[in-house]
1. What do you get for Rg/Rh of the range B:347-467 when both radii come from the Cα atoms and Rh is the Kirkwood radius?
2. So which residue, out of A:Ser68, A:Ser209, A:Ser240, gets the largest mean-square fluctuation from a GNM of chain A using Cα contacts under 10 Å as springs?
3. Going by Cα centres, the range B:286-328 and the range B:342-361 are how many Å apart?
4. Starting from the Kirkwood Rh over alpha-carbon pairs, what translational D in µm² s⁻¹ does the range B:290-389 have by Stokes-Einstein at 37 °C and 0.692 mPa s?
5. Could you calculate the contour length gain from A:Ile205 to A:Val69, that is, 0.36 nm times the residue separation minus the distance between their Cα atoms, to one decimal place in nm?
6. Roughly how tilted is helix B:261-272, in degrees to the nearest 10 and between 0 and 90, from the longest Cα axis of chain B?
7. Grab the beta carbon distance between A:Ser118 and A:Tyr37, set R0 = 35 Å, and tell me the FRET efficiency rounded to 0.05.
8. In the range A:301-394, if every C-alpha pair distance is counted and binned at 10 Å from zero, what percent goes to each bin?
Amino acid sequence: MASKGIKDRVAIVGMGCTQFGEHWDKGPDDLLVEAAYDAYASAGVDRNDVDAYWLGTLGSGFSGLTLSVPLKIDYRPVTHVENFCATGSEALRQACYAVASGAYDVAMAIGVEKLKDSGYSGLVISDPPNDGTLGNMTAPASFSLLAPAYFKKYGLDPEKGKDVLSRIAWKNHRNGAKNPKAQFRKEVPIEAIKNSPKIADPLGIMDCSGVSDGAAAAIVVRAEDAHKYRKDPIYIKALSFVAGPGDGHSNPDYDFTTFREVVASAEDAYRQAGITNAREQISMAEVHDCFTPTELVLYEDLGFSPRGTAWKDVMDGFFDLDGKLPVNPDGGLKSFGHPIGASGLRMMYEMWLQLRGEAGPRQLRDPKLGLTHNLGGVPGKCVSFVSVVGREIG
Amino acid sequence: MIGIVSYGSYVPYRRLKRSAISQVLGVAAGKGERAVASFDEDSLSMAVEATRDALRAAPGAAVQALYFATTTPPYAEKLNAAILGAAARLPVEIRAADLTGSTRAGLTALLQAADTVGGGARHALAVAADCRLGAPEGKAEQQNGDAAVAFVLGSENVIAEVEATVSLTREFLDTWRNPDERFAHTWEERFALTQAYGPLLGKAVQQILAKAKVAPKDLAKVVLDSPNARAVDEVARAMKLDPSQLADPLALTVGQAGAAHPGLMLAAALSAAKPGERILVVSGADGADAVLLRVTDAATRYSQPRSVGRMIESKGDVSYGSYLKWREILPTEPPRRPDPIRPAGPPMLRTANWKYGLVGSRCTACGTPQLPPQRVCARCRALDKMEPYAFADRVGRVATMALDRLAFSLNPPTVNVVVDFEGGGRFICEMTDCQPDRVAIGDEVEMTFRKLFSADGVRNYFWKARPKR
């Protein structure tokens, strides 16, 4: 693997995150201003201290002007990045590398998405002009391909499989209920999840992440400068990003029970961070639970559960808030909501709070290493991001 | 010897029971059922099915002309036959024409193809397809049907020789429809019976039998096709035909399939015909065309991969409500999803073999078939070592699937399947003509040419999977 990693060379010294949800009264400009000023304040920096910006958004604007105009940034670099649903993580990765290189001292990664203005159900991405052969599958349908394949491979009857998926959604809502910034802030009975209207069988509406508006931002500096800003920064242990060849859609040896891209980015990240046993060493994780079967498969791809056993860990509460490896303690995409460009940074925001003991009623006991996983695309054809962060150097 | 070298037929999977119409509208129910093109089919997509079937039975045919007959052409301006040719992977070097304006166009296409072979072409294709509409509560809605048929004509390995033809054209007002209308008008039946079809069909029969010096009793089968059913009865009576000589009108199983109808009856008759037998086909509409065919010895060596009978037996019901939605007679609430964007001209031209012919590629370095066609091999990563590789006639199996209740469709839920082809290659596409809740991993599927959607008036044709018929 070609990546060298920048373990402990970059720190996050401030973060901001808006409430996620239906912001009928706010446009993308408002969300960006809120998240950016929240992050400035968190880091204790003046806006003029930030040397460069990376803006992630999938569909809420084009170019760096989407950020520089509402923020009135005075002639500084703003780079617009897009990498499907991993857009926010990609913005963070670029900002981290920029300060690590020494080109800038202080950089901001910021992500935004305004989904509720479209008037459509679910996520809408318009394709470039094409020959009409690209297909018409919606995101829930694309991810639902995982469910029958996983159930069949590991001998779960459809009813048992549905129980497993429902419990994942139940857990994420239960966590989100403790999160004042989440889109959905109440627990949902498991029966209500199981019986929700079908969207892409076996997925019901309650197996899908929230369609929402929101923004989140991080301020990064070189690790050696971190204590100039605060005594409790968090440190980047690993940043891995891979784009796949789309193999799963062309090679019959792909069986829709894994994301090869995730496996590759997890291996890379663990090597960068020096992790040998993720199940034991990772204290908590925010993973890309766009749909419940995604989270199920991610447990195995990230090495949290051996192959074919994640469903048992789910039923045993292994990933619950009080479990051995809490996953999506902030409610995840399911409950916190999924404003595309902001989601990767929202995941990091939870690491920021948890590692520094600021997560309130959902605070985990003494987490040391956290992982964020962010995915863009669909099973068989996607990009994957994995980060590892910690509260101490070394 | 000029004649039919091979034939193919297509009857769409769906059937509408005539009693189902009466249950909703309270009109008198006819007997039996009619064939209904699915929501993603039209005359052109059905024509592709029949044409592929005919070409499979005539491997190596050097087709130099293509005539596509229909009264329901998808495009009023733009050569529908060109799309048909692309989907059937015919070469660019062909003469192609759409024949339309009358249900007689189907038999006219066959005569035209025979003449083209007479003029020196190696092979000519005559294809007829129709997606016949009738206004709710009317007779046509019940009596009409949807189907397609295709004939390869040539001068070698002929299974049915053209012995004689007759064409009559006469102006009278019986059936008419303007370009902006969906349902045809018809004049009263007695006028057409006594003044038009009766005399015209009679005259065509008389002339062709005289030309070939053949008596009615020498005919093994007679295909009589006319929008006026009573005219058919009268001509049969006048010819003193035994009921066994009359070809099945397919009224109870398919319905009157417009331009495709006489050809479909002929295809059914051919599958049971023996060498030396004569088949007379007469099609009346705005005149009459007739062809007398003699089945040859080569017919004993001919095998038809997909008979009309098999097409008729392979079926599933459609409710009258779905039928009305599919034909967009009943408007429905659009989904809260953006309209699909129209397919673009330049990419469609660049990928025409892929889009219309489902031609992928196969890596000559490692032998892996792949689709859509690639430049860098999906397996061994070799660059530009690809050769064309056709997937349309390969069967596959469902690796996994998804039911999409959110996607735009006239027939939700959309069923998506991951298809692994026999011999290699994987593709994700829609599955059609299926029962969504019955699709299972491991199901065998075959590929079918369909209309995915229309946007800005551009009809987006591409391929789907369907359960093997």
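Rule-based calculations on the coordinates, nothing more; no lab input. Model, not experiment: these values are computed from the prediction. Neighbour counts are summed over all protein chains in view; Cβ atoms, including those assigned to glycine, are modelled from backbone coordinates with ideal geometry.
1. Rg divided by Rh gives 0.99.
2. The residue with the greatest mean-square fluctuation here is A:Ser68.
3. Going from one Cα centre to the other spans 29 Å.
4. D = 169 µm²/s.
5. Full extension from A:Ile205 to A:Val69 adds 45.3 nm.
6. Here the helix axis deviates by roughly 90 degrees.
7. Once the sixth-power term is evaluated, E becomes 0.85.
8. 14, 44, 37, 6
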